[in-house]
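Notes to accompany the following structure.
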Protein chains: 2
Amino acid sequence: MIRLVKQVNIWTKHLDLLKNDRIRLLFPRIICSIMPMIELYSDEYFMKKAFEQAQIAADAGEVPVGAIMVCNKQIIAKSHNQTELLNDVTAHAEMLAVTSAANYLGTKYLQQCELFVTLEPCPMCAGALKWAQLGRLVYGAEDNKQGFMQYGKELLHPQTKMAYGLLHDDCSLIIKEFFQKKRTLSR
Amino acid sequence: MIRLVKQVNIWTKHLDLLKNDRIRLLFPRIICSIMPMIELYSDEYFMKKAFEQAQIAADAGEVPVGAIMVCNKQIIAKSHNQTELLNDVTAHAEMLAVTSAANYLGTKYLQQCELFVTLEPCPMCAGALKWAQLGRLVYGAEDNKQGFMQYGKELLHPQTKMAYGLLHDDCSLIIKEFFQKKRTLSR
């Protein structure tokens, strides 16, 4: 049994493996006991996933903002800023996540969902989250210039819970580096 | 000549006829002298077109809001609210008009454009208009509950000019009647 647990520990070195249905079916009890320990579905885990999306945006020359929509601790939408690619100012990561999640769930209301986004949403995105009646918003870095908080939390739905500052330094740095690089190139 | 002018006046009873290229080619001078008089491309003309879009939305069971994007006095996008059809809270008339106009012009910035919309935009739509750096916004009826003006004109781009109150009563009535009918049906 101990050997088996060790084996499972190796297999589950990468957390994503725990989401594999075959492993869940083979070792349900072990997985159940491991899961709370390693906090597979923590806020930090989801924010890291959002940050991966921001990195994809950066690599594509887009303003690096990434978002993950989560429903019952399951990721139902991943997105990153695509305003350049789609030539569309409305193609922010949050907007794409809202549309994608609504499409997946078959309802445009997202009261059961949590949105993890690397940067504080702008008023446009906060407005979309209000219409969607989002359950919970978690963002990484603040955006003092374009963020919605300068107009107050009232831009969100009154039932939307909120947290911020998760992976703050990484989420902030990727934006700063992007614009620094852009300024250097445009000189 | 007088008879010809009379004839043209009959033909141009419906303003849309003046946009017909064949008529323009046949009677360029007459058309040129008539056009300023009847104000073919007035704000009211475009707001009527936006109102037609709102009526299409009402007929489709959508919240009746319509929008027209105009560039150099030419309509480049028509849209109406499609949140029910597309099952997407972001599918407001203004958002669809912004995306559509950007697609038509090949640029996501709309400094040369005017948006005519029947209802005061919400913060989501105002935010989109800010990102697009819209040249001018004209809206019909105010929206005291969901409109962006409760947060101030700062939600728009500082260069965006603004006017409101055009076809106010029609634009307001179509919304009131829609929700009245909805409440009656849900009883």
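The values are calculated or read from the model by the stated rules, or taken from the named source; none is laboratory data. Quantities reported herein were computed from a predicted structural model and do not represent experimental measurements. Ideal geometry is used to build each Cβ from the backbone, glycine not excepted, and the neighbour counts take in all protein chains shown.
Condition first: within 12 Å of the chain's Cα centre (by Cα) and outside any strand (DSSP E or B). Can you find one or more residues in segment B:107-119 that meet it? Steps first, please.
The first filter runs over segment B:107-119 and keeps only residues within 12 Å of the chain's Cα centre (by Cα), leaving B:113-119.
Filter once more, keeping what is outside any strand (DSSP E or B): none.
No, every residue in segment B:107-119 fails to be within 12 Å of the chain's Cα centre (by Cα) and outside any strand (DSSP E or B).
Within segment B:54-67, the set of residues being crowded, with 24+ Cβ neighbours inside 10 Å and in contact (Cβ under 8 Å) with a residue 60 or more places away in the chain comprises B:ALA54, B:PRO64, B:VAL65.
Confirm whether A:THR90 is more than 14 Å from the chain's Cα centre (by Cα) and at pLDDT 95 or above. Give the derivation first.
Numbers: more than 14 Å from the chain's Cα centre (by Cα): yes; at pLDDT 95 or above: yes.
Spelling it out, A:THR90 is indeed more than 14 Å from the chain's Cα centre (by Cα) and at pLDDT 95 or above.
Restricting attention to segment A:74-94, does a residue exist that is away from every other protein chain (no Cβ under 14 Å) and in a loop (DSSP other than H, G, I, E, B)? Write out each step before concluding.
Here is the first cut: in segment A:74-94, the residues away from every other protein chain (no Cβ under 14 Å) are A:74-76, A:78, A:80.
Now narrow it down to the ones that are in a loop (DSSP other than H, G, I, E, B): none.
No, there is no match, as no residue in segment A:74-94 is away from every other protein chain (no Cβ under 14 Å) and in a loop (DSSP other than H, G, I, E, B).
Within the option set A:THR107, A:THR118, being out of contact with any helix residue (DSSP H, G or I) (no Cβ under 8 Å at 6 or more places or on another chain) and farther than 19 Å from B:ALA126 by Cα holds for one residue only, A:THR107.
The criterion of being away from every other protein chain (no Cβ under 11 Å), of a type outside the set (Gly, Ala, Ser), in contact (Cβ under 8 Å) with a residue 40 or more places away in the chain and in contact with a His (Cβ under 9 Å, 6 or more places away or on another chain) does not hold for A:GLN159.
Among the residues of segment A:175-185, is there at least one that is β-branched (Val, Ile, Thr) and part of a loop (DSSP other than H, G, I, E, B)? No, segment A:175-185 contains no residue that is β-branched (Val, Ile, Thr) and part of a loop (DSSP other than H, G, I, E, B). Checking each residue in segment A:70-104 for being in contact (Cβ under 8 Å) with a residue 24 or more places away in the chain and of a type in the set (Asp, Glu) picks out A:GLU84, A:GLU94. Listed by first and then second residue, the pairs linking a residue in segment A:106-127 that is within 13 Å of another protein chain (Cβ to nearest Cβ) to a residue that is of a type in the set (Val, Ile, Thr), with Cβ atoms under 6 Å apart and 6 or more places separating them unless they lie on different chains, are A:LYS108/B:VAL89. One residue stands out in segment A:128-156 among those that are hydrophobic (A, V, I, L, M, F, W, C) and not in a helix (DSSP H, G or I): the one that is nearest to the other protein chains (Cβ to nearest Cβ), namely A:ALA132.
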